[in-house]
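What follows is calculated from the coordinates using simple rules that are stated; it is not laboratory data. None of these values were measured; they are calculated from a predicted model. A quick note on method: Cβ atoms are made from the backbone with ideal geometry, for glycine too, and the neighbour counts reach across all protein chains shown.
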Amino acid sequence: MINAVERKIEQYVAELDDSFVTSLYRRLPRGKRLRTKLILKIAGSDLKVIKTAATVEMIHAASLLHDDVIDDAKSRRGRVSVNASEGSKTAIMIGDILYSKAFFELISISPEVAKVVSNAVVQLSLGELSDVELSRKFHTNRDAYLKMLYQKTASLMEASAEAAAILVGKDRVAYRDYGRKLGLAFQMIDDILDITADSKTLGKPALHDFVEGKVTLPYMYLYDVLADVDREYLVSLHRKRLSSDEALWIKIAMKKYGIVEKSYAEAKELILEAVDSMEKLGEYDLSNIAKAMIEREF
C-alpha cells in the first residue's frame, strides 16, 4: 500500500500543473516513509487513509526542504540538496508549495484530522525556530533540547498516529502517545548515529550536527563528565569545522565515558514503553516497527 501513497502524492503534485515543480519533487529522496507505515498499520488502506498518508509525507518533505536551507546543507540522504542545486529561494518555495497543497487536500479528508496535522506543523515550525536559537551557542539545557526534539520531529509522528486512529475510531490518546515516543526515540537515535556512523551511511559528514551548532544529548552527557579543561576544549570545538584529530578526540571521549550507551539507553526506554503499549492493544506490527528502531546499527 505504500505504492498507493506514492501514486497519490504524484497525483497531487501533477495537479499543480507545473513541470518544474514536478521535476524537482521527483529528485527528492523518498526516505523511510515511517509516517506512512504507521498510518497504514493503524488505519488500513481505504482512500481517506491513503490521502492522509500522502499529505503527511508532503508536509514532511516540505519541512526537510526548509531544514536544508536553514542548515545550508549540501546533501540530503546522499543526494545533492535542492538548495545546493537550485538555490535557497527555490527550495523554500517548493517547500511552501508542498505545504499548501497538503493543507488544501487535508480539508477534504476530515476536519479533525486536518486540525491534528495542522497543529503538528505549527509545532514543527516552532521546533525549527528553537533549533536555530539553541544552535547559536553551546548549551546543556536538556529540557529545551527535548522540547525542540518533540516539536521538530516527534510532533508529526505523533499526529500521524493520532490522525490514523481518528479515521478508524481507535483510541487516539494511546496511539498519539505511541507516535510521540517513537518520534522522540527516532531523533535521539539519529543524533547518536551522527557520532557513530560513517559518512557513507549517513549521507553527510560524521559529526555534522555539532559542526552545525547542534548540541544533542550525547554532547550534554559528555560535558557533564569532563574535567574543566576538557569542557573548555569541547566548547571551543562547537560550530567549528573539525580536523581529523579534533573529531577523533570527541569520538574517543564519547567511548571512554560510555556516552553512546547512556544516550542509547534513554532512547531505548522510550521505545520499550511504546512497544508495551502497542502489545497491550494487540498491535504487534506497530510493536515491531518500534523494535526495529532500536536495532539500527551503531
Matching label for the computed Cα Rg over 2.2 N^0.38 Å, out of (i) 0.97; (ii) 1.02; (iii) 1.68, is (ii)
Taking alpha-carbon centroids only, the stretch 1-48 lies from the stretch 85-136 a number of Å equal to 16
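What is the magnitude of the charge dipole of the stretch 56-171 about its Cα centre, with +1 placed on the Cβ of each Lys and Arg, -1 on the Cβ of each Asp and Glu, and no other charges, expressed in debye to the nearest 20?
280
Give the residue list of GluC sites (Glu not before Pro) in the stretch 210-298 that are DSSP loop and have at most 15 other beta-carbon atoms within 10 angstrom.
Glu295, Glu297
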To the nearest 10 degrees, the tilt of helix 228-237 (Cα long axis) against the first principal axis of the alpha carbons of the chain is 50
Percent relative contact order for the chain, counting Cα pairs under 8 Å at least six residues apart, stands at 16
Tilt, helix 244-256 to longest principal axis of the chain (alpha-carbon atoms), in degrees rounded to tens, equals 90
Proximal lysine pairs in the stretch 4-92, meaning Cα under 26 Å and 8 or more positions apart or interchain, come to 13
In degrees rounded to 10, the 0-90 angle between helix 47-71 Cα long axis and the longest Cα principal axis of the chain is 30
Checking rank on 55-66, 20-31, 117-128, with mean other Cβ inside 10 Å and highest first, the result is 55-66, 117-128, 20-31
